[in-house]
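What follows is a single structure, written as structure tokens, with notes after it.
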Amino acid sequence: MEDKQKDLGGQLADSYRRDTNAMVLIFAQWCVNHDLDPLELYREAYPDQGVPPELAGMLELTVPKEEAGEIETGTLLNVLMAFDNEALAFVVRKRVSS
């Protein structure tokens, strides 16, 4: 039973990491699509934190906006909110409305 719990815990952790990486990639690609620097937006939202390695890693996976599909701002905001990134969602909203 204990091995099954460890295995389930590992699967959940892997799933969370994949989902988090997907959220970060959506954010990074949205920024590229809107000619914004994702690192700058992240630092504005979380000035007391360093840039997470996931963001740096996902930046390498973005494509030029001409090759990317459209990411609706509402979709990005929903994804950010689902991962409790309210401060980042606030910065995104502020950039879009200015």
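Things to note:
- Peptide ranges 36-44, 12-20 listed from the most packed, as the mean C-beta count within 10 angstrom indicates: 36-44, 12-20
- Carbon-plus-sulfur accessible fraction, segment 51-94 (probe radius 1.4 Å, protein heavy atoms only): 55%.
- Aspartates and glutamates whose Cα lies under 14 Å from that of K6, excluding same-chain neighbours fewer than 8 positions away: D14
- Using a Förster distance of 35 Å, the FRET efficiency for A13-E72 (Cβ separation, nearest 0.05): 0.75
- Theoretical gain in end-to-end length, A22 to K6 [0.36 nm per residue, Cα-Cα removed]: 3.3 nm
- Rounded accessible area per residue of the chain, 1.4 Å, Å²: 66
- The modelled label-to-label distance for the pair M81/Y46, using points 7 Å beyond Cα in the direction of Cβ, is 2.0 nm.
The values are calculated or read from the model by the stated rules, or taken from the named source; none is laboratory data. For clarity, every value in this text was computed on a predicted model and none was experimentally measured. Counting neighbours? That spans all protein chains shown, and the Cβs are built from the backbone with ideal geometry, glycine included. Heads up: the accessible areas ignore ligands, DNA and RNA and are worked out on the full protein's heavy atoms, side chains in. Shrake-Rupley method; radii C 1.70, N 1.55, O 1.52, S 1.80 Å.
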